[in-house]
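Beneath this line is the structure, given in C-alpha cells, with notes to follow.
Laboratory data are not the source of any read-out in this text; all were calculated from the coordinates shown. The shown structure was predicted, so the numbers you read here are calculated from the model rather than taken from an experiment. Using ideal geometry, Cβ is built from the backbone for each residue, glycine included, and neighbour counts are taken over all protein chains shown.
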Amino acid sequence: MFRVKKVITGPLQENCYIVFDDKKSECVVIDPGDEGEKIEREILSISRNAVLRYILLTHCHFDHIGALRYLKENLGGEILMHRNELGLLENANLVASYFGFQIDEPPLPDRFIDDEEEILLWDNVFVRTIYVPGHSPGGMAFLFIVQEREKKEYHLFTGDILFAGSVGRTDLPGGNWDALITGIKTKLLTLPPDTIVYPGHGPETTIAREKLTNPFLIYY
C-alpha cells in the first residue's frame, strides 16, 4: 500500500515527506528541511532495512535542504532537482546565515531533472515532474501516480509553490509572480480534482478545494 509520512522539521516548520510502499523496503524523501536524525528515525521506523532511493527537491531554499547532507551521507539516495536551483543550493548556507540560521553545506545533485519527466518508482507507482517557477527559479512539483487495480490515485508534492489557501511568496531573489500564478493555473489546477496536495508548510489540501477557495487563484 502506498503511504505518505509527513515529518515537520526545523524552526520554520517545514514539511518533509517520506513516500513508501508497504511491499517494498525502498522509500523516497521529498525536501529534507532540517533535523536529519529525526527524518532518519522515521525512515527506519517504517523498516529497519529501508533503502532511500531518491531525494527529490522541490526547490533549494535553506529551510527545505538543511538535512540534505546528513541524509546523503548516512542513507544515500540519488538527489534530483531542476538545474535552475543550483545557485540557491550553492548559496543556501550563506542565505541561512542572513536569517540567523546555520545548515550543513549541501551536496551537489546527482542529476538534474526537467519538466514532464517520468520516473518509474515501483511496479504501480511513477513520478511525473512539473516545472513551476515563480517562488524560485527552478521550482518543481512532483506528481506521484498510483495505479490501484481499476483506478488511479494522484499525490502532488508542491513545496512552496501551492499551499492550502495560499501560494508561494515571490519577493525573494528569482521570484516571479506572473510565472508562479500562470504555472499553477495551467499545470496544477488542470490535474484531477481529487489530487491530494502536500505543501511545504501547513496542512494538506486538494486541487478541487484550491480551485474553489484559494483567493490567490480566484482573484488573480
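Counting charges near ILE145 (Lys, Arg +1; Asp, Glu -1) among other residues having Cβ under 12 Å from its Cβ returns a value of 0. Solvent-free Debye calculation, one equal scatterer per alpha-carbon of the chain: log10 I(q)/I(0) at 0.13, 0.17, 0.18 Å⁻¹ equals -0.69, -1.22, -1.37. Only helical runs count toward this figure. For the chain, summing -39,500 (n - 2.57) over DSSP H runs of n ≥ 4 and dividing by all residues gives -5500 deg cm²/dmol at 222 nm. Contact order for the chain, expressed relative to its length and based on alpha carbon pairs under 8 Å spaced 6+ residues apart, stands at 14 percent.
With neighbours defined as other Cβ atoms within 10 Å of a residue's Cβ, the residues ASP22, ASP160, ASP115 order from fewest to most as ASP22, ASP115, ASP160. Each of SER166, SER136, SER97 was scored by other Cβ atoms within 10 Å of its Cβ. Listed from fewest to most, they are SER97, SER166, SER136. Each of LYS72, LYS152 has some number of other Cβ atoms within 10 Å of its Cβ, and from fewest to most they run LYS152, LYS72. Once the convex hull of all Cα atoms in the stretch 12-137 is built, its volume per residue stands at 101 Å³. With 20 Å as the limit, the listed pairs LYS23/LYS152; LYS187/LYS211; LYS6/LYS187 have LYS6/LYS187 beyond it between alpha carbons. The residues packed around GLY77, meaning those with a beta-carbon under 14 Å from its beta-carbon, carry a net charge of -2 if Lys and Arg are +1 and Asp and Glu are -1. What separates the Cα centres of the stretch 101-167 and the stretch 175-220 is a distance of 14 Å. Between the residues HIS155, TRP177, CYS60, the greatest Cα displacement towards the positive end of the dipole of the chain, with unit charges on the Cβ of Lys, Arg, Asp and Glu, is found for HIS155.
Seen from PRO193, the other residues with C-beta closer than 12 Å to its C-beta sum to a net charge of 0, counting Lys and Arg as +1 and Asp and Glu as -1.
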